[in-house]
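To keep things clear, I will list the structure first and then write my remarks on it.
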Amino acid sequence: MAGREFLHVAERVVQMLHDSASQLQQLETSGLSRLRLGFTPLLAANVVPALFETFQRLFPMVQLDLVDASPAELLEQVETDKLDAAFGAFAQKRSGLVQIQVAPAALMLVHSDQFSAIGERIGWPEVFDYPLIAMTQRSPIQQLMAAKARELGVEIRSPLVVNQLDTALGLVEKGFGVAVFPSFAQAAWRRYRVRSSEIYPAVSVGYFRLMKSGKEVSPALEGLTELLMDCMHEHKAPNAA
């Protein structure tokens, strides 16, 4: 079953490369190559294994190295050339780096059935009425949520502050509170017994590929990015099961 969600786009990715004969020839003649990639932990745990499995079928000559780390750590490793590319919800653009959007998304509220009063849609003022499982201030998601709280002139009630979104999901599932997640993380939260609600007005957040300026995008990296884009678009729907 692993990787099946990517198979329907595999042929399109291969066709994309064949449409660029020079890029394909470059890949075939370069022999075994390596991609050093970074992902934020939530998708590294829940999406990357199937993504890499499908990618290796298309590009068996490419060796993949993986770093799972926070956006700040990934950004630093791209800047110092320890990574060829990093994928994550990076809060701000930085000089000397180029980012493309892999998936547009919006912030959503994730909660357990214990919070039965929460419907399919909820306004930001009501979000802050609930106990929130918060991320540390280094998290781009937490920064967006804090900005919205300041705009509304309210305080965030956070009984628990954690470093990883997977930890927040586990706590939400057990009813310790609710949490704000980007909608592209649906691939992860569907593994838990939780529900999601659209928050209005919408607050946009993107998932990006980050590279150092001037660095060439290899056909292998382009193919992996295409596979990831298709997967993320499949999971951008606002309502979780």
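Antiparallel versus total DSSP beta bridges in region 104-204: what percent is that, nearest 5?
The answer is about 55 percent antiparallel.
Working out 0.36 nm times the residue gap between SER204 and MET61, then minus their Cα-Cα distance, what length gain in nm do you get to one decimal?
Gain in length upon complete extension: 47.7 nm.
Can you put VAL178, VAL203, VAL48 in order of Cβ neighbours within 10 angstrom, beginning with the fewest?
Lowest to highest Cβ neighbour count: VAL203, VAL48, VAL178.
Could you put VAL217, VAL47 in order, starting from the residue whose Cβ has the fewest other Cβ atoms within 10 Å?
VAL217, VAL47
Taking neighbour Cβ counts within 10 Å as the exposure measure, how do MET61, MET211, MET135 sort from fewest upward?
Fewest-to-most ranking of MET61, MET211, MET135: MET61, MET211, MET135.
No lab work stands behind these numbers, since they all come straight from the coordinates. As the structure is a prediction and not an experimental result, all values here were calculated from the model. Neighbour counts are summed over all protein chains in view; Cβ atoms, including those assigned to glycine, are modelled from backbone coordinates with ideal geometry.
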